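First up is the structure itself, then whatever we jot down about it.
The values are calculated or read from the model by the stated rules, or taken from the named source; none is laboratory data. Worth saying up front: this structure is predicted, and the values here are computed from it rather than measured. Ideal geometry is used to build each Cβ from the backbone, glycine not excepted, and the neighbour counts take in all protein chains shown.
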Amino acid sequence: GENVEQHPSTLSVQEGDSAVIKCTYSDSASNYFPWYKQELGKRPQLIIDIRSNVGEKKDQRIAVTLNKTAKHFSLHITETQPEDSAVYFCAASIRSGGGADGLTFGKGTHLIIQP
Amino acid sequence: KAGVTQTPRYLIKTRGQQVTLSCSPISGHRSVSWYQQTPGQGLQFLFEYFSETQRNKGNFPGRFSGRQFSNSRSEMNVSTLELGDSALYLCASSPGTSSNEQFFGPGTRLTVL
């Protein structure tokens with residue numbers, strides 16, 4: 001089955017700096033890659049996703065890049081703010097005409113924004 | 001639209017008992033997926049239901065089962081509870097067809113004593 005590795009497990013950056021979280025996946029058939037943000041005691045929230053027919057997607061301060069050949073994708077957060085502090089999860093799944101397989105998640109990155 | 005809801009939010013059971021958790025998806029969404037979240041194993045996929053049929057399944061023992069009703073509401077059952085079943089159980093709602101964006105509910109925190 002699919003295996004998703006996520007690095008780093010903890011990332012501390014100064015407020016205003018950029019943060020980058022990287023994930024690799026094992027199944028070349030995976031074609032959907034979402035990122036979730038989970039604050040303490042709350043549900044995971046979808047913040048951005050990318051499909052395999054696209055190399056990059058951006059939404060304000062957040063961007064995701066995908067390299068299908070190397071089987072890795074990354075989350076980029078620019079101009080970080082205190083409210084960006086949370087645990088971020090990457091995931092991968094296979095989407096076919098009959099629907100999507102379950103998401104396989106990375107272990108998460110605890111992002112800490114230092115004031 | 002109202003978000004995904006789960007009941008109950010907290011549950012305490014003892015080993016050997018069984019438990020049923022409920023999930024109501026976003027109106028119009030036909031797919032419900034269930035995940036287990038623990039500090040050690042992270043988020044793990046249990047199963048997915050679409051139009052009352054289990055469409056995909058993760059690597060969990062048969063003690064974990066589920067079903068979906070005609071109104072897309074879903075229930076998850078765990079029989080013969082073990083201490084290791086203590087976790088946050090999350091359900092996620094998705095349109096189920098052209099989109100596989102999944103939106104999570106608040107979860108049910110299950111503690112097995």
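Quick notes on this structure:
- Of the residues making up the stretch B:1-21, those that are hydrophobic (A, V, I, L, M, F, W, C) and more than 11 Å from B:Leu110 (Cβ to Cβ) are B:Ala2, B:Val4.
- Yes/no for A:Tyr32 being more than 18 Å from A:Thr78 (Cα to Cα) and surrounded by 12 or more Cβ atoms within 10 Å (Cβ to Cβ): yes
- Residue in the stretch B:41-62 that is farther than 29 Å from A:Asn31 by Cα and either of a type outside the set (Val, Ile, Thr) or facing chain A (nearest Cβ under 10 Å) (or both) present: no
- Exactly one residue out of B:Gln37, B:Gln18 is within 14 Å of another protein chain (Cβ to nearest Cβ), over 21 Å from B:Ala2 (Cα atoms) and in contact (Cβ under 8 Å) with a residue 60 or more places away in the chain, and it is B:Gln37.
- Only a single item in (1) within 22 Å of A:Thr80 (Cβ to Cβ); (2) touching a Lys or Arg at 6+ places or on another chain (Cβ under 7 Å); (3) not small (Gly, Ala, Ser) is not met by A:Tyr25, and it is number (1).
The rows are residues; the columns are (1) modelled with pLDDT of 95 or more; (2) closer than 15 Å to A:Thr10 by Cβ; (3) touching a Lys or Arg at 6+ places or on another chain (Cβ under 7 Å).
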site	(1), (2), (3)
A:Thr69	no, no, no
A:Ser74	yes, no, yes
A:Gln81	yes, no, no
A:Ala86	yes, yes, yes
A:Ala92	no, no, no
A:Ser96	no, no, no
A:Gly102	no, no, no
A:Gly106	yes, yes, no
A:Ile113	yes, yes, no
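- Elements of type strands (runs of 3 or more DSSP E) in the stretch A:7-115, at least 1 residues being within 10 Å of another protein chain (Cβ to nearest Cβ): A:32-38, A:45-51, A:86-92
- Considering residues of the stretch B:89-99 that are outside any loop (DSSP other than H, G, I, E, B) and at the interface with chain A (Cβ under 9 Å from one of its Cβ atoms) only, the residue surrounded by the most Cβ atoms within 10 Å (Cβ to Cβ): B:Ala92
- Test: B:Ile12 is of a type in the set (Val, Ile, Thr) and assigned to a loop (DSSP other than H, G, I, E, B): no
- Top-ranked residue of the stretch B:22-34 - restricted to ones that are under 27 Å from B:Gly84 (Cβ atoms) and within 10 Å of chain A (Cβ to nearest Cβ), ranked as farthest from the chain's Cα centre (by Cα): B:Ser33
- Hits in the stretch B:22-50 - residues which are farther than 15 Å from B:Gly105 by Cα, at pLDDT 95 or above and not in a strand (DSSP E or B): none
- Any hit, the stretch B:68-85, residues being within 12 Å of the chain's Cα centre (by Cα), within 14 Å of chain A (Cβ to nearest Cβ) and surrounded by fewer than 22 Cβ atoms within 10 Å (Cβ to Cβ): no
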